[in-house]
Amino acid sequence: MPALVRRATGADVDVDVLGHRSWTPGLALVADRFADRRVFLAGDAAHLFTPTGGFGMNTGVDDVANLSWKLAARLAGWGGPDLLASYECERRPVAERNTAAARRLNMNLGKLRLGPLLEQSTLPGRRERERVGGLLSMYGEQFASIGVQLGARYDGSPVIAADSDPPPDSPAAYVPTSVPGGRAPHAWRRGKRDRGDSLFDLLGPGFTLLRLGTRPAAVTGMTAAAERAGVPLTVLELPAAHIRDMYERDLVLIRPDQYVAWRGNRSPDDPAALLAKVTGK
Ligand SMILES: Cc1cc2nc3c(=O)[nH]c(=O)nc-3n(C[C@H](O)[C@H](O)[C@H](O)COP(=O)(O)OP(=O)(O)OC[C@H]3O[C@@H](n4cnc5c(N)ncnc54)[C@H](O)[C@@H]3O)c2cc1C
């Protein structure tokens, strides 16, 4: 290791080895359960990745984004008794999905044969670099794994009001969509040319109800129901056409973890029932 560090820095630097231990790459472990009564697992305690792809921390941060608002809702009293059970039901399938993606990548990279030619300043060395570069450029998931990072979905969750089929799951592609159960798509409030505020900076700390387009339906039924149930709800007016086009609906309900819980073109017939569903009552 000291020799490797010196070669990489190109200098005769001092290297102190403070400790070492064996480490096994290629793991794709997911805990059988993420919750047991008052105990919840998140991060590497719940799923252990091979680092290929760099998905471990991302997945852990998403776990706690999912869990923390549910804990807060229960403590504040507006979260229902089924809310915390939705944590495992939403996050465990994502852990399976993401660890499998990392393992696939690891196996693909493991198949690459790298010899000493690769670092030689010769014509055969250059040809070898071109060969390896060509192979690496096909590993889209490793270097452009946006679908793994942003495309995780909670379809089938009891606290999501599903309405239509989501786009196909792809590790290398992310399709912004407001189909409930996915990450709320990002948008600049005033469009690409005049970036201004990001939609994400405008969301409230609790649920946010987007009113999109120039003539969205009234939402007084929803706000009154939220007030009665004690659910924190911010109403956000965004008339810009590009946001309405991307979201495909006039009204969109976004959870505190920035996932879409419900969407529609008019207020739900029974706003109290909708809020009860998405808060696990
Ligand atoms: C080589 C490598 C490269 C990686 N690269 C990436 C990357 O590019 N992108 C990415 O997203 N992820 C990456 N990861 C994964 C990422 O580092 C982990 O997923 C992330 O650190 C997990 O965070 P965590 O808080 O769940 O667990 P940890 O970071 O393991 O934190 C757990 C903490 O708990 C402490 N602890 C343990 N037992 C006790 C105890 N009994 N009492 C008190 N404290 C305790 C530990 O000391 C530790 O500080 C990589 C991992 C490795 C090994």
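The values are calculated or read from the model by the stated rules, or taken from the named source; none is laboratory data. The structure displayed is predicted, hence computed values, not measured ones. Cβ atoms come from the backbone with ideal geometry, glycine included; neighbour counts cover every protein chain shown. Surface accessibility is based on the protein's heavy atoms, side chains included, excluding ligands, DNA and RNA. Shrake-Rupley method; radii C 1.70, N 1.55, O 1.52, S 1.80 Å.
For the reader, a short list of remarks on this structure follows.
Let's see how each residue does on (1) out of contact with any Phe, Trp or Tyr (no Cβ under 6 Å at 6 or more places or on another chain); (2) farther than 30 Å from VAL260 by Cβ; (3) free of Cβ contacts under 8 Å to residues at least 40 places away in the same chain:
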site: ARG113; (1), (2), (3): yes, yes, yes
site: GLU128; (1), (2), (3): yes, yes, yes
site: LEU136; (1), (2), (3): yes, yes, yes
site: SER157; (1), (2), (3): yes, no, no
site: ALA162; (1), (2), (3): yes, no, yes
site: PRO166; (1), (2), (3): yes, no, yes
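- Against the list (1) under 20 Å from the mean Cα position of the chain (by Cα); (2) within 16 Å of the ligand (Cβ to nearest atom), the condition SER86 fails is (2).
- Qualifying positions in the range 9-60 - within 16 Å of the ligand (Cβ to nearest atom) and open to solvent by 80 Å² or more (accessible area, probe 1.4 Å): LEU18, HIS20, ARG21, SER22, TRP23, THR24, LEU29, VAL39, ASP44, MET57
- Meets criteria (more than 16 Å from the chain's Cα centre (by Cα), of a type in the set (Asp, Glu) and over 22 Å from TYR259 (Cα atoms)) for ASP16: yes
- Sole exception among (1) closer than 26 Å to VAL148 by Cβ; (2) in a loop (DSSP other than H, G, I, E, B) for ALA11, by number: (1)
- Boolean, SER178 is modelled with pLDDT under 95, within 30 Å of PHE55 (Cβ to Cβ) and out of contact with any Ser or Thr (no Cβ under 9 Å at 6 or more places or on another chain): no
- Exclusive hit being in a helix (DSSP H, G or I) and at pLDDT 95 or above, set VAL61, VAL148, VAL132: VAL61
- Among the residues making up the range 235-251, those that are outside any loop (DSSP other than H, G, I, E, B), surrounded by fewer than 14 Cβ atoms within 10 Å (Cβ to Cβ) and in contact (Cβ under 8 Å) with a residue 12 or more places away in the chain are GLU237, ALA241.
- Of the residues making up the range 91-111, those that are in contact with a Ser or Thr (Cβ under 7 Å, 6 or more places away or on another chain), within 14 Å of HIS47 (Cα to Cα) and not hydrophobic (A, V, I, L, M, F, W, C) are ASN98, ARG103.
- Among the candidates LEU105, LEU114, LEU123, LEU109, residue that is more than 27 Å from ASP63 (Cβ to Cβ) and at pLDDT below 95: LEU114
- Cβ separations smaller than 7 Å between residues 6+ apart or across chains give the following pairs from the range 46-58 residues that are in contact (Cβ under 8 Å) with a residue 24 or more places away in the chain and assigned by TED's automatic domain parsing to the domain that holds ALA144 to residues that are among the basic types (Lys, Arg) and more than 6 Å from the ligand (Cβ to nearest atom): THR50/ARG103.
- Enumeration of residues in the range 72-97 that are open to solvent by 10 Å² or more (accessible area, probe 1.4 Å), in contact with a strand residue (DSSP E or B) (Cβ under 8 Å, 6 or more places away or on another chain) and assigned to a helix (DSSP H, G or I): ALA85, GLU88, ARG92, GLU96
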